Structure formats: structure tokens, C-alpha cells
Amino acid sequence: MSPEDTSDDSEEVEVVTETDTDEDENVRERLEQEADKAVEQFDETLVDLLAWLLDTETRARIYVHLRKHPHSTSEEIADGTGLYPSTVREALAELHDEETLTRRKRESDGAGNNPYEYSAIAPSELVSDAVGDVQEQLNTVFNLDSHLAEDEQSEETAEPVTISVEDADEE
């Protein structure tokens, strides 16, 4: 059979070398690392902001965990956040008293101790609660002169700051 007798119906075969595969895996790995780093930085920024609203980083981490994993027990929260169980229980009690969290007994088919499971209120509710405090503090600053007045005049203090919060879902 001569070379001219062969038909041109041959299939092209792409040769993938190990170097190409290694390079693809390295690129994929670097992209995953960068994505993980971006998520971690976002989470840290979010925790810092929430720590301002909720008073401590511990409480902020618990709140974030409960937004991601509602109906968690204190043990599950401790495992998920890396915080000590006693620290979690103390913060949960405070957050529940402040109505930042809800709790209910976990349903169980068997006999035994049914632990509480916790869920965090919506972020819009959290912000609404904080707005009143911020508004009050700003009004105190705006009315500082009337509070410091030495001439004991009975002036009405104005309430110049009003903050309103609307939930984006309500629009």
C-alpha cells in the first residue's frame, strides 16, 4: 500500500502531556486559594462590623454561624466557631436575653435531654434595633450645647436626627 492509497479520514488526536495537566491543576489550585482568601477576608470584615453592633467578636461569630446554620445547639455552635463551649453558652444566654436570637427545644423521638437550638434574627432586624441607639447618641451630641448651658434656661431640646431603615424585600 502506497502513501497515496491512504485516505485522509484520519482523526486528529490531541496529545495532552503531563506538563499541561500539572499546569492546569496549578492554575485551578491558585484560583481556589485566592477564592478562599477572598471569602475569609469578607467574613473577617463582616465579623468586625457585627462586633461593633453586637459588642464583641465572640457574639459576632456566633451570629454569623447561626445565620449560616440556623437551629444549631450550643455544642454545634462551639464546634463550628472554634469557641469554648462555656463561652458560647454565656454569649447565647446574653444574646437571647437581648432578643438577638430565638431558641426552642430540639425535637427528639427518644427519651433524654433535648437541647435548645438557636437561630439568629434577620440582619434587617438587627440593624433596626441598633438604629434607635445610634439615633439617641447622635441627638445627645447635637444637643450638647443645651446640656452644657450654664444659665439654666429651660430650653426644649430638639431631636434633629431621625434614622429610618427599610427592608429591601418590602419595596
Quiz item: In which sequence would THR56, THR73 go, from the one with the fewest C-beta neighbours within 10 Å to the one with the most?
Solution: THR56, THR73
Quiz item: Over region 20-121, what is the mean sequence separation of C-alpha contacts under 8 Å (at least six apart), divided by residue count, expressed as relative contact order in percent?
Solution: 22
Quiz item: Once both labels are modelled 7 Å past Cα along the beta-carbon direction, what's the GLU90-ALA51 spacing in nm?
Solution: 1.7
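Rank these for me by crowding, ILE121, ILE77, ILE163, ILE62, going from fewest to most other beta carbons within 10 Å.
Ordered by Cβ neighbours within 10 Å, fewest first: ILE163, ILE121, ILE77, ILE62.
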Quiz item: In nm, to one decimal, how far is the ASP79 label point from the ASN139 one, both placed 7 Å along Cα→Cβ?
Solution: 4.7
Quiz prompt | Relative exposure of THR87, THR81, judged by other C-beta atoms within 10 Å (fewest first) | solution = THR87, THR81
Practice problem: Pull out the extension gain between HIS147 and THR21, defined as 0.36 nm times the separation in residues minus the alpha carbon to alpha carbon distance; nm, one decimal. | Solution: 38.1 nm
Self-check item: Dipole in debye (nearest 20) - region 20-121, about Cα centre, beta carbon charges: Lys, Arg +1; Asp, Glu -1
Solution: 820
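Quick note: the coordinates plus some simple rules give every number you see, no bench work behind them. None of the values given here were measured: they were computed from a predicted structure. When we count neighbours, we look across all protein chains shown, and the Cβ atoms used for this are built from the backbone with ideal geometry, even at glycine.
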